[in-house]
Amino acid sequence: MADTFILGIESSCDETGAAVVRSGEQILSNVVFSQIATHMPYGGVVPELASREHLRAIVPVVRKAMADAGQTYQSVDALAVTQGPGLAGALLVGLSYAKALAFALDKPLIAVNHLEGHIHAVLLEERQKGNHEVNFPVLALVVSGGHTHLYLAEQKGKSWSYGNIGHTRDDAAGEAFDKVAKLLGLGYPGGPIIDRLSSHGDAKAVKFATSQIKHPDRKNRGKSDNLIARTDFSYSGIKTAVLRYVETHGMAAAIARRRNTLAGIEKPNLEDYLALCDMETLNLVASFQRAMVEDLVAKTLTAAEACEAATLFVTGGVAANQELRQRFESESAQQGLPVFFPSRPLSTDNAAMIAAAAYPKWLARDFAPMDFSAEASLPLQRIQV
Ligand code: KG4
Ligand code: ZN
């Protein structure tokens, strides 16, 4: 079959991405412009600022992706863009740009669900390594700043289907990492710094209980996907437990000092953080991470057993976490379940995963109509191509 070159564009949150991928299996370029520096002073993503930064970055990012790939606009076969879920204003920047470019070039445009992209990030890299033997059904844990979702993915020929068998009832896991880091004066985004600090603390020092969801999800009661027992997550409780610990252990003054000192350092490194954290803080951070990891691993493996998954994918920003990877690797091995993660650059938001997810749609000639628009809450369910 002839090679297919797809230019992918991603702008759902705080990263502007463009990438060229060949036939869903080889990354020719993958350019990501991160807005972390813009949002850092606010301790989280500010939607209006995100849209403004995407507007600034989109043209140079796409041009660089094309140049890095050695492609011309004429040589790409199709464009792919994230339709949702994400921040509406941010999505619209990538989507409008992709629509205009596709219209001007008279090339097909493919709409991709961001979560589908995270799942295809794993498949893309496995194919790139020469592994074409992933067994289905795949249970995918998509765990990021906006999502903690479990999907059961099936591939039959050109047709893909995704069944959501669990999600967070409140905060996403990445959101919990970010909020806890903010609360402890560690800056934004919280996941990477908590990851690096955790190995310096005692993870058994503080006992945290994560919520076990026993009552049925009212919204989904009676729907057919309840045929498989749902596995839901909840992380707002652990964030409140950290807050309570901080209050009852008189840590507020030290946190304020740390926050002020870090604000004055342009790019703090691990030594800067360590110099500003006492043992009590490091123990708290390590214990929080341990509780998060144990909950994510235990619930996902229980779900994998219940739905007889043949393979496990762990993907999304939080999949970059070192302890999470190690735990999944050792515990999946005990269960005899192969587990795959994307590399770190492909765990967080990027456009290569969007171009890869678009490839099966290209094969099925599933192109977006010109009047399609961004959908902030676009669900990924039972997509049949
Ligand atoms: O996938 P992503 O780039 O964007 C979303 O779609 O949300 O994920 C970003 C999230 C943030 O919450 C960030 O703190 C978290 O992923 N994250 C991590 C790590 N690296 C990024 N969480 C835990 N450990 C990490 N190493
Ligand atoms: Zn994402």
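DSSP beta bridges fully contained in the chain are about 60 percent antiparallel.
Shown here for segment 95-146: GluC sites (Glu not before Pro) in loop regions (DSSP other than H, G, I, E, B) with at most 11 other Cβ atoms within 10 Å, namely Glu133.
Between Trp160 and Val385, the built amide H atoms are under 5 Å apart, and every one of these is 5 or more places off in sequence or on another chain.
For a test of the definition: using alpha carbon positions, the gyration tensor, and the 1.5 limit on a/c, classify the chain as rounded, prolate or oblate. Don't skip to the end; give the middle numbers.
Details: a/c = 1.92, a/b = 1.34, b/c = 1.43.
Oblate, since a/c reaches 1.5 and b/c is not below a/b.
Of the chymotrypsin sites (Phe, Trp or Tyr not before Pro) found in segment 295-385, those that fall in a DSSP loop while having at most 14 other beta-carbon atoms within 10 Å are Phe372. Derived scalar couplings between HN and Hα for segment 274-290 equal 5, 5, 9, 10, 7, 4, 4, 5, 5, 5, 5, 4, 5, 5, 4, 4, 4 Hz in order, rounded to whole Hz, by the Karplus curve 6.51 cos²θ - 1.76 cosθ + 1.60 (θ = phi - 60°), x for Gly and Pro. 3J(HN,Hα) along segment 69-77, derived from phi through the Karplus expression 6.51 cos²θ - 1.76 cosθ + 1.60 where θ = phi - 60°, amounts to 7, x, 10, 10, 4, 6, 7, 7, 8 Hz, with x in place of Gly and Pro.
When the dipole is taken about the Cα centre of segment 136-337, and only Lys, Arg (+1) and Asp, Glu (-1) are charged at their Cβ, what size is it in debye, to the nearest 20?
Details: 24 positive and 23 negative charges, 115 e Å.
Dipole about the Cα centre, nearest 20: 560 debye.
Over the chain, accessible surface divided per residue gives 43 Å², non-protein components excluded, 1.4 Å probe.
Could you tell me the calculated FRET efficiency between Arg257 and Ala306, based on Cβ-Cβ distance and R0 = 56 angstrom, to the nearest 0.05? It would help to have the intermediate numbers written out before the result.
On the way: r = 48 Å, r/R0 = 0.85.
E between Arg257 and Ala306, to the nearest 0.05, is 0.75.
About the centre of its Cα atoms, segment 283-385 shows a dipole size close to 160 debye [charges on the beta carbon of Lys, Arg (+1) and Asp, Glu (-1) only; nearest 20 debye].
For segment 144-201, what's the relative contact order in percent, using C-alpha pairs closer than 8 Å and at least 6 residues apart?
Values: 68 pairs, mean separation 16.2, N = 58.
Here the relative contact order equals 28 percent.
Of the trypsin sites (Lys or Arg not before Pro) in segment 289-385, the ones in a loop by DSSP (not H, G, I, E or B) with at most 12 other beta carbons within 10 Å are Arg365, Arg382. Helical runs (DSSP H, four residues minimum) scored at -39500 (n - 2.57) apiece and divided by the length of the chain put the mean residue ellipticity at 222 nm at -14000 deg cm²/dmol.
Averaging sequence separations of C-alpha pairs under 8 Å and six or more residues apart, then dividing by the length of segment 258-385, give the relative contact order as a whole percent. Write down the numbers at each step before the final one.
Working: 63 pairs, mean separation 23.5, N = 128.
This gives 18 percent for segment 258-385.
Using a cutoff of 8 angstrom between alpha carbon atoms and counting only pairs six or more residues apart, the relative contact order for the chain works out to 27 percent.
Label segment 136-337 by shape, choosing from rounded, prolate and oblate, from the square roots a ≥ b ≥ c of the eigenvalues of the Cα gyration tensor; if a/c is under 1.5 it is rounded, and otherwise prolate applies when a/b is larger than b/c, oblate when it is not. Since a/c reaches 1.5 and a/b is larger than b/c, the shape of segment 136-337 is classed as prolate.
Size of the dipole of segment 38-79 about the Cα centre, Lys and Arg at +1 and Asp and Glu at -1 on the beta carbon, nothing else charged, in debye to 20? Mind dumping the intermediate values first?
On the way: 4 positive and 4 negative charges, 27 e Å.
Charge dipole of segment 38-79: 120 debye, to the nearest 20.
Here the accessible area of segment 230-294 is 52 percent carbon and sulfur, with a 1.4 angstrom probe and all protein chains present.
Each peptide in 263-270, 156-163, 248-255 receives the mean, over its residues, of other Cβ atoms within 10 Å, and ordering these scores from highest gives 156-163, 248-255, 263-270.
Can you bin segment 283-344 into rounded, prolate or oblate? Criterion: square roots of the alpha carbon gyration tensor eigenvalues sorted a ≥ b ≥ c, rounded for a/c under 1.5, prolate for a/b above b/c, oblate for the rest.
Details: a/c = 2.15, a/b = 1.51, b/c = 1.42.
The shape class here is prolate.
Proximity of backbone amide H atoms, modeled 1.01 Å from N, is registered between Ala78 and Phe5, Leu7 at under 5 Å, excluding neighbours fewer than 5 places apart on the same chain. Build a GNM of the chain with springs between Cα atoms under 10 Å apart, and of Leu276, Leu139, Leu346 the one that fluctuates most is Leu276. Evaluating 6.51 cos²θ - 1.76 cosθ + 1.60 at θ = phi - 60° for every residue in segment 91-96, the Karplus couplings come out as 4, 4, 5, x, 5, 5 Hz, glycine and proline recorded as x.
Under 5 Å from the amide H of Arg169 lie the amide H atoms of Phe233, Ser234, Tyr235, each residue being 5 or more positions distant or on a separate chain, with H modelled from the backbone and absent for Pro and chain starts.
The values are calculated or read from the model by the stated rules, or taken from the named source; none is laboratory data. Owing to the predicted nature of the structure, the values given are computational and were not obtained by experimental measurement. When we count neighbours, we look across all protein chains shown, and the Cβ atoms used for this are built from the backbone with ideal geometry, even at glycine. Please note that ligands, DNA and RNA were not included when accessible areas were found on the heavy atoms of the full protein model with its side chains. Shrake-Rupley method; radii C 1.70, N 1.55, O 1.52, S 1.80 Å.
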